[in-house]
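A short write-up of the structure that comes next.
What follows draws every value from the coordinates through simple rules; no lab data is involved. All values reported here derive from a predicted model rather than from experimental measurement. Don't worry about glycine lacking a Cβ; one is built from the backbone with ideal geometry, like all the others, and counts go over all protein chains shown.
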Amino acid sequence: MIEEVVKIHDKFTLEIKLGFIARKKQPVSDFLLNIWMFIPNSLDVNSATYSKSDFYRDIKSNIRLITPVYLLRDIVGNLNSPVVLLENAIGKLASNPSRSNSENYEFHIKMFLSILKSALREHVDHIIKNSISEDNAYLVDEYVDNVCRITETYRSLRRKVNVPTISKERFDYYLFGDEFMSNIVEQHTFKLVSGLKNKPTSEKILNKLLSLIKLEVEYKKQKGYPIVEPKSVVNNRELVSKLGMLKKYAESELFLTANKKKDGLMIEQIYLSIAAGISMIFATIVAFSFQQKFGNFTIPLFVALVISYMLKDRIKELGRYYFAHKLSHFYFDYKIKISLNKLFIGWSKEAMDFVSNRKVPKEVLKNLNRSSIEDANNRDSNEQVILFKKFLRLKRNNIDRSIQYSTLGMNEIIRINLLRFTQKMDNPIVPLYALNDSNVSVVEGEKVYSINLIMQFSNEDRVEYHKYRVLLNRDGIKGVEMD
């Protein structure tokens, strides 16, 4: 199964988050993803102006294991909860400060933080989306109680870490976790307060959440952790940098190693060698034929050698082009080997190319669902179509061997920068005229361009199509709509 979330990452970047769920009982899971991008012809984005190398420069991909799923209330308490596993790892390190115990201790700190962040996000989103208003008070109380219990339990472990057998460097790992935990609790609680303001919520509920935020801010002040200072630009810049470093540290345990190489490289070299051999055979046959007929050191032989050399190069280039074109139908652009802790867990292949409208499958065009005016315009000036395809294979047994926690599969976050698409756009503001009583007024109208995305997901015997419309102009991405 493939899950997707499409959203705006920044001003010019579209983010596509894909979740590849590998079934427990299936040793190997295969996933196929096709994304058709329908681009207005007026943007002048085509195979002549936008090459494969341009596309791969504009796309960035991060892969990681899906964070193990825990309810917020289950992070502390049962025997297999992340905090209990961390406490056991601390005990082993304190009694035997070996390298393996140190790595295990750091691993459990990072896993606790990743799991907590994911559980906070899910719980906050659930409360904001909750449509039963009488449950809001209970859900918020549960959120606050669980957060307080988790933070108190983690901070109570400090005395078990602060022992002579655990070095200052390893003690700092615990402090990194403490600061990151405080930051994500504060951030998610702010998000919850903001989300509840648009709903009928009692003052008591909001005050309880604000008290939790104040508690964390005061704690950070006591510990010397940086906090937001509205009037200090330098402090806030350093805070943003620190938050980024803590996030990278806390989530690094789930990130996968991707070894990216050109796909079919050896076969390509063989075919290119064949093309060079065919051109050499042609040149040699011409040279032998004229030498036998006219002899050595003659003008006809000299002319024949020059012409055969010229044609040899053209035959070689035509052969290279022919074989490269044929290979593109059987091979992808790149192959990526995926591993975690040096254990191979799968691979993926990806390719990009411009395709003509007549080669777009009928099912894709059906899901495109153009309006009548769009259909009429497309007959005169075809949209440019980019096809980005990805094939992924995951090995379930190796995933389970690579990590001590249970995980559903792999997440891939694809970010596509669309800045190049905006270079030939018109002004983003168009003057519009309106009649107000007897006066004429000028109103600003925003001009946007639509890039339609049709995403096809295939897993086992299941095929799904989803459509998104990206609205953008020269000022950046204005919105993402799902049809």
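Structure data summary
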quantity: Reachable aspartates and glutamates from Lys110, criterion Cα separation under 15 angstrom, eight or more residues apart if same chain; calculated: Glu87, Asp172, Asp178, Glu179, Glu251, Glu253
quantity: Within-10-Å neighbourhood charge of Leu254 [Cβ basis; K, R +1; D, E -1]; calculated: 0
quantity: Reciprocal mean inverse distance between Cα atoms of the range 376-483 - Kirkwood radius, Å; calculated: 18.7 Å
quantity: Proxy reagent accessibility, fewest Cβ within 10 Å first, across Thr165, Thr298; calculated: Thr165, Thr298
quantity: Translational D in µm²/s for the range 72-255 (Stokes-Einstein at 37 °C, 0.692 mPa s, Kirkwood Rh from C-alpha pairs); calculated: 187 µm²/s
quantity: Virtual spin-label span in nm between Val430 and Arg237, 7 Å along Cα→Cβ; calculated: 4.1 nm
quantity: Potential lengthening between Asp483 and Ser98 on full extension [0.36 nm per residue; Cα-Cα distance subtracted]; calculated: 133.1 nm
quantity: Neighbourhood net charge (13 Å Cβ-Cβ; Lys/Arg +1, Asp/Glu -1) for Ser402; calculated: +3
quantity: Residue order, fewest to most beta carbons within 10 Å, for Leu71, Leu14, Leu116; calculated: Leu71, Leu14, Leu116
quantity: Debye log10 I(q)/I(0) at q = 0.14, 0.23 Å⁻¹ for the range 1-91, Cα point scatterers; calculated: -0.82, -1.27
quantity: Förster-model FRET efficiency, 60 Å R0, Lys24 and Asp437, C-beta, rounded to 0.05; calculated: 0.30
quantity: Backbone N under 19 Å from the Asp135 label point (7 Å along Cα→Cβ), restricted to the range 197-224; calculated: 197-202, 205-206
quantity: Two-decimal log10 I(q)/I(0) for the range 50-101, as the Debye equation yields it once each C-alpha is a single scatterer, q = 0.23, 0.24 Å⁻¹; calculated: -0.93, -0.94
quantity: Candidate aspartates and glutamates for bridging to Lys366, where Cα separation is under 17 Å - those fewer than 8 sequence places away on the same chain excluded; calculated: Glu374, Asp375, Glu383, Glu464, Asp483
quantity: Table column - 3J(HN,Hα) (Hz), the range 112-122, Karplus curve with 6.51, -1.76, 1.60, x for Gly and Pro; calculated: 4, 5, 5, 5, 4, 4, 5, 5, 4, 4, 5
quantity: Neighbour-count order for Met482, Met455, Met1, fewest beta carbons within 10 angstrom listed first; calculated: Met482, Met1, Met455
